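See structure below.
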Amino acid sequence: MRSLIQCLSDENHKKIKFSRLLDTGQGTRLPSSSQQFMQGKPVFARILFMPGEDNLNRFGVFQCKIVKQTIGTRIVALKLPPSNLAELDAVSPYNVANLGDDVELEVNVTKPMELPVKWMHDGKEIPEWHDLLKVRLDNVQPKDSGIYECFYEGRREEGVHALMRLLVRTCGGNHFGADCSKFCSPPQNNSNTDELCALHLFCKPDPYGCSCAPGFKGSKCMEHCEPGWYGADCKQPCHCAFGISNCNRITGACEGGCAKGWRGQSCQIEDSSTSSGSLRGISRGALPSRISEKTHLK
């Protein structure tokens, strides 16, 4: 199956450059059969096309980058092996953390082997994580950002191991700005996204990273959100007056209005005038359990 990575820009799309971010076992060059195409108005884009004949040479960490007045902007995407070929699979390939957070990285064994398991961070081996399937990073700092690999010893060049990207924001939770003094308001609304976008991984410049389009989750971004959750990767909880089934999985809007203690178009703004001090009208038992999802580019 072919793979496509499309990068959009309001600048001259000829200035967009594709490359591998680092060597994850397949070298630093783009796949030998890959081609690049330009897309003009109304949407300027450059497309990296990797045909199926490249097979697992398409595995790795790819980036598109554009430089404007000496300032570079890049977007990073992971190209993971097909599910039926992966030997170790990341529970969560894309991870964004605030400064000082504790972060866990975990892989699932999809093809058991009598071989040691090794980890790397940006191409450097991490001996203390030898044979671990779940690791923890306490009090993360910007230096912890990067690409993490987990693979069977001697199998890294096969392109069937786990890749994870960790992006550590330079500010603590709910703050942003050059000196981290600005406070982030809670999200109020998600733009409506056509379901045709569901088959695509959606990536933005750091510190956003990548996610499924609003309303979808899963390894191919094709699964609908579970009742009670909405938004990109289905990570935002609904707050509806008449139960979780009345929540729009894309926007979070509630048919029949917001639960007590919440207001706004997506019922995500706390209303202190009616707050009850708990989960604002939704009992903890009513919320479905969350399952971390992986993302495979196809």
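Figures for the structure shown
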| read-out | value |
| --- | --- |
| Inter-site label distance for LEU132 and ASP271 at 7 Å from Cα along Cβ, in nm | 4.6 nm |
| Label-point separation, GLU114 to SER245 (7 Å along Cα→Cβ), nm | 5.3 nm |
| Net charge contributed by nearby residues that have their C-beta within less than 12 Å of PRO31 (K/R +1, D/E -1) | +3 |
| Estimated FRET transfer efficiency (GLU125, THR28; beta-carbon r; R0 25 Å; 0.05) | 0.85 |
| Across LYS111/LYS235; LYS41/LYS68; LYS111/LYS143, pairs whose alpha-carbon gap is larger than 26 Å | LYS111/LYS235; LYS111/LYS143 |
| Sites GLN39 and GLU157, calculated FRET efficiency, Cβ-Cβ separation with R0 41 Å, nearest 0.05 | 0.75 |
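No lab work stands behind these numbers, since they all come straight from the coordinates. All values derive from a computational prediction rather than experimental measurement. For neighbour counting, all protein chains shown are included, and Cβ atoms are generated from backbone atoms with ideal geometry for every residue, glycine included.
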